[in-house]
Amino acid sequence: MLLPDSKRILLKLSGEVLMGNEGFGIDPEYVARLAEEVKQAKDSGLEVCLVIGGGNIFRGIAGAAKGLERTTGDYMGMLATVMNALAMQSALEKIGVATRVQSAIPMNAVCEPYIRRRAERHLEKGRIVIFAAGTGNPFFTTDTGAALRAAEMKCDALLKGTSVDGVYNKDPKRFDDAERHETITYSKVLSDNLKVMDAAAVSLCRENDIPIVVFSIREKGNVARVLAGEGVQTIVR
Ligand code: UDP
């Protein structure tokens with residue numbers, strides 16, 4: 001086991017992984033593959049919280065660069081995360097995993113509003129809770145939303161599934177001699193401005209003593225592998 005005493009984890013997936021090999025949007029086949037991974041985490045006996053980004057559909061900052069008002073763009077980005085959450089919910093329920101989506105922006109016809117105590121109850125009953133709409137506030141990211149929910153739900157770790165297999169001393173896509181850290185401190189990530197998660201998310205995890213496990217979600221079976229301590233990752237703690 002990578003984190004032996006863990007009972008509850010929060011898994012954060014960036015929106016981009018939902019598009020699989022497509023250039024945009026949601027690839028249901030790939031979402032189905034991710035749902036299997038999430039199920040494996042749950043089947044290992046953990047309580048699982050899920051946060052999915054929205055970058056495969058919309059990012060406020062990208063809209064702002066083209067003249068859209070930033071806050072409007074950010075709300076659009078938050079709505080994108082709700083679409084992703086629904087896609088993941090559908091894929092999980094198809095393979096028999098009970099889930100609830102809770103949105104930071106109430107939209108009662110679509111999903112539940114975020115209510116911490118209710119989320120707690122769902123987890124106790126063995127359901128996976130997908131937290132949508134980030135923090136509900138513009139100028140934040142879903143990484144910060146993930147760190148916030150991980151703190152509120154008293155998660156033992158935040159697993160960040162992304163397209164690289166950890167934190168490197170320099171960009172591994174540009175430098176062949178880049179070296180991956182096995183572990184690294186929150187402070188080092190912040191002082192060196194390493195692109196793991198945004199600073200607000202890293203600070204929140206530091207304050208609440210929540211280790212961040214950065215790993216690649218691109219390889220099939222990696223969630224289970226990382227949880228079993230047999231994977232490749234960087235732990236920020
Ligand atoms: N967003 C926001 N507040 C939040 C979370 C997200 O305004 O608390 C918006 C923001 O515009 C962001 C977009 O939603 O760019 C999608 O989220 P993010 O970029 O974090 O997605 P990811 O990179 O994980 O796919």
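No lab work stands behind these numbers, since they all come straight from the coordinates. Source: prediction; values computed, not measured. Cβ placement follows ideal geometry from the backbone for every residue including glycine, while neighbour counts extend to all protein chains displayed.
Remarks
- Using the rule -39500 (n - 2.57) for each DSSP H run of four or more residues, divided by the residues of the chain, the 222 nm mean residue ellipticity is -11000 deg cm²/dmol.
- For trypsin sites (Lys or Arg not before Pro), the sites in segment 35-70 that DSSP calls loop and that have at most 10 other Cβ atoms within 10 Å are Lys66.
- Neighbour cut-off at most 15 other Cβ (10 Å), DSSP loop, GluC sites (Glu not before Pro), segment 24-115: Glu69
- Relative contact order computed over segment 8-236 (Cα-Cα under 8 Å; 6+ residues apart), in percent: 21 percent
- Each Lys and Arg contributes +1 and each Asp and Glu -1, all at the Cβ; summed about the Cα centre of the chain, the dipole is approximately 500 debye.
- Share of alpha-carbon pairs per 5 Å distance bin for the chain, given as whole %: 1, 7, 15, 19, 21, 18, 12, 5, 2, 0, 0
- Loop-located trypsin sites (Lys or Arg not before Pro) in segment 149-227 (DSSP state other than H, G, I, E, B) with a sparse environment of at most 16 neighbouring Cβ atoms within 10 Å: Lys154, Lys170, Lys173, Arg174, Lys195, Arg218, Lys220.
- Listed residue pairs exceeding 18 Å between alpha carbons, taken from Lys12/Lys188; Lys42/Lys125; Lys39/Lys220; Lys94/Lys154; Lys12/Lys220; Lys154/Lys220: Lys12/Lys188; Lys94/Lys154; Lys154/Lys220
- The Cα center of segment 186-237 and the Cα center of segment 1-42 differ in position by 15 Å.
- Taking a span of 30 Å or more along the helix axis (Cα atoms) and a mean Kyte-Doolittle hydropathy of at least -0.5 as the rule, the DSSP H helices of the chain that qualify are 70-94.
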